[in-house]
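Note sheet for the following structure.
The values are calculated or read from the model by the stated rules, or taken from the named source; none is laboratory data. On a predicted model such as this, the values are computed, not experimentally measured, just so you know. Positions of Cβ are backbone-derived with ideal geometry, glycine not excepted, and every protein chain shown enters the neighbour counts.
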Amino acid sequence: MTQQPLAQALRRVQAVLERRPDSGLHEDGPATARWEGGTRVVAHHDNGTQVPSDMPAELGGTGDLITPGWLFRAGLAACATTSIVMAAAAEGIALTGLEVKATSRSDTRGLIGMADADGQPVHAGPGDVQLAVHIVADGVAPERLRALVQAAVGRSPIPSALQVATPLALRVHID
């Protein structure tokens, strides 16, 4: 599959951003989550897309839907994959295969507000986050592919948000 249209689009955007760097700043589309009862939540996109989630039965959910943590890993993997594809297209590399798997380990004690043996709160976020990339491009040296992946993931928004903690502004509105 040719990546020429993608490469052309990236060149057009880069030309605009070189002339007007401030045009690259934009508000990201909001994700709105609404509670549906129990631990079931539905995330909504402005375009009408809805993604339901729930917790495992052990944590009071039904266990029949994906979890919010899985959505996080899916976003991480999808963002990294997209960035790699874009970088390959920009460099004229024809990919014949690409798969990115995001994994992590979590401690449920953090989610329910427990402390460790030393009295410190257990971290609620995932730890040991890993991306495993399997990339194939005929006739391209492994070193070039490895460098491409490292550079692309380094500038990919969601992996970058993990690597350099993005501050979270929490605003609470009560009716």
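Would you confirm, using the coordinates I've provided, whether Glu18 is at negative phi and outside any helix (DSSP H, G or I)?
On the way: at negative phi: yes; outside any helix (DSSP H, G or I): no.
Taking the combined requirement at face value, the residue does not satisfy it.
Residues of the range 32-53 being touching a helix residue (DSSP H, G or I) at 6+ places or on another chain (Cβ under 9 Å) and either more than 25 Å from Arg109 (Cβ to Cβ) or of a type outside the set (Val, Ile, Thr) (or both), which ones?
We begin by selecting, within the range 32-53, every residue touching a helix residue (DSSP H, G or I) at 6+ places or on another chain (Cβ under 9 Å); these are 33, 39, 41, 43, 51, 53.
If the condition is that a residue be touching a helix residue (DSSP H, G or I) at 6+ places or on another chain (Cβ under 9 Å) and either more than 25 Å from Arg109 (Cβ to Cβ) or of a type outside the set (Val, Ile, Thr) (or both), then Ala33, Ala43, Val51, Ser53 are the ones that fit.
Pairs, please: C-beta under 6 Å, at least 6 apart or cross-chain, first residue at negative phi and among the small types (Gly, Ala, Ser) and in the range 148-172, second in a helix (DSSP H, G or I) and at pLDDT 95 or above?
Listed pairs, sorted by first residue: Ala152/Ser83; Ala152/Ile84; Ala152/Ala87; Ser156/Cys79; Ser156/Ala80; Ser156/Ser83.
Please state which one of Gly38, Gly29 is in contact (Cβ under 8 Å) with a residue 12 or more places away in the chain, surrounded by 11 or more Cβ atoms within 10 Å (Cβ to Cβ) and small (Gly, Ala, Ser).
On the way: Gly29 fails: surrounded by 11 or more Cβ atoms within 10 Å (Cβ to Cβ).
Result of the check over Gly38, Gly29: Gly38.
Within the range 76-93, identify whether any single residue is of a type in the set (Asp, Glu) and either over 19 Å from Val153 (Cβ atoms) or surrounded by fewer than 13 Cβ atoms within 10 Å (Cβ to Cβ) (or both), and answer yes or no. If you could, list the steps in order and put the result at the bottom.
Within the range 76-93, the first condition is being of a type in the set (Asp, Glu), and the residues that meet it are 91.
If we keep only those that are either over 19 Å from Val153 (Cβ atoms) or surrounded by fewer than 13 Cβ atoms within 10 Å (Cβ to Cβ) (or both) as well, we get none.
Scanning the range 76-93, I find no residue that is of a type in the set (Asp, Glu) and either over 19 Å from Val153 (Cβ atoms) or surrounded by fewer than 13 Cβ atoms within 10 Å (Cβ to Cβ) (or both), so the answer is no.
May I ask you to say which residue of Arg105, Arg20, Arg73 is over 26 Å from Val133 (Cβ atoms) and of a type in the set (D, E, K, R)?
On the way: Arg105 fails: over 26 Å from Val133 (Cβ atoms); Arg73 fails: over 26 Å from Val133 (Cβ atoms).
Within the list Arg105, Arg20, Arg73, the selection yields Arg20.
Six or more apart or on different chains, Cβ under 7 Å: which pairs go from a residue in the range 83-109 that's under 9 Å from Gln3 (Cβ atoms) to one that's assigned to a strand (DSSP E or B) and of a type in the set (A, V, I, L, M, F, W, C)? Could you list them?
The qualifying pairs are Val85/Leu98; Leu95/Ile135; Leu95/Val136.
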